[in-house]
1. Could you give the length gained by full extension between E48 and Q24, i.e. 0.36 nm per residue of separation minus their alpha carbon distance, to one decimal place?
2. Where the only charges are on Cβ atoms (+1 Lys, Arg; -1 Asp, Glu), what is the dipole of the chain about its Cα centre, to the nearest 20 debye?
3. Considering amide H positions built from the backbone, and no H for Pro or chain starts, which residues 5 or more places from V117, or on another chain, come under 5 Å of its amide H?
4. So what J values fall out for the range 111-127 if you push phi through Karplus, 6.51 cos²θ - 1.76 cosθ + 1.60 with θ = phi - 60°, rounded to Hz, Gly and Pro as x?
5. Taking the structure as given and computing Cα Rg over 2.2 N^0.38 Å, which label from (i) 1.05; (ii) 1.10; (iii) 1.22 fits?
6. So what J values fall out for the range 49-62 if you push phi through Karplus, 6.51 cos²θ - 1.76 cosθ + 1.60 with θ = phi - 60°, rounded to Hz, Gly and Pro as x?
7. Taking H placed 1.01 Å from N in the peptide plane, check which residues at least 5 places from R91 or on another chain put their amide H under 5 Å from its amide H.
8. At R0 = 35 Å, how high is the FRET efficiency between S129 and M9 if r is their beta carbon distance? Nearest 0.05 is fine.
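We did not get these values from a lab; they are worked out from the coordinates using the rules stated. From a predicted model like this one, the values you see are computed outputs, not experimental measurements. Positions of Cβ are backbone-derived with ideal geometry, glycine not excepted, and every protein chain shown enters the neighbour counts.
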Amino acid sequence: MIFVTIGSMLPFDRMIQAVDRWAQETGCDDLFAQIGNGQYEPRHMRWERMLGPREFSQKLEAASLLVAHAGMGTVISAMEAGKPVIVMPRRVAYHEVTTEHQVHTAEWLQDKPGIFVAFSEADLPAALSLAQDHLEMGTTLISRSAPAEFVNKVRQFLVE
């Protein structure tokens, strides 16, 4: 199952519409979306407006892939669950956020294993195809912990 989430704070109709359009075009019907309080209601995937923490965890655990906004809370949840994630940043130009912090986050994440980035709705179908290809090849490993280099730097900082 592909689990689509907008996070818990703001609507993200542009992403939900893009995934719904992809589901229609590909015939993929194994999707579930948490859509928040947006205006758009998907027609080609199951959805709920909000999930409680327990339901969110259950959907994440059952998912083979997560599609989400580029919020660090969601990315960290995916990493903790060992799930590959496609992130699509909210944009100031569409009045989805007030700063481009999600674009900067997506740029920083784009070369990390198990993380795929769609900077726009036009990029989303290719990101979905790429992530699915990696799933089939078994190469979407996402680390459940920080890289050793980072951990060592933190240790050095704490010791000094």
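1. Contour length minus the Cα-Cα distance gives 6.8 nm.
2. Charge dipole, the chain, about its Cα centre: 360 debye, nearest 20.
3. Distant-sequence amide H within range of V117: V87.
4. Each residue's phi maps through the Karplus curve to give 9, 7, x, x, 10, 10, 10, 10, 6, 8, 5, 5, 7, 5, x, 5, 5 Hz.
5. This structure yields the entry labelled (i).
6. With coefficients 6.51, -1.76 and 1.60, one gets 5, 9, 10, x, x, 5, 5, 4, 4, 5, 5, 4, 5, 6 Hz.
7. For R91, the qualifying residues are E96, V97.
8. Details: r = 29 Å, r/R0 = 0.82.
For R0 = 35 Å, the calculated efficiency reads 0.75.
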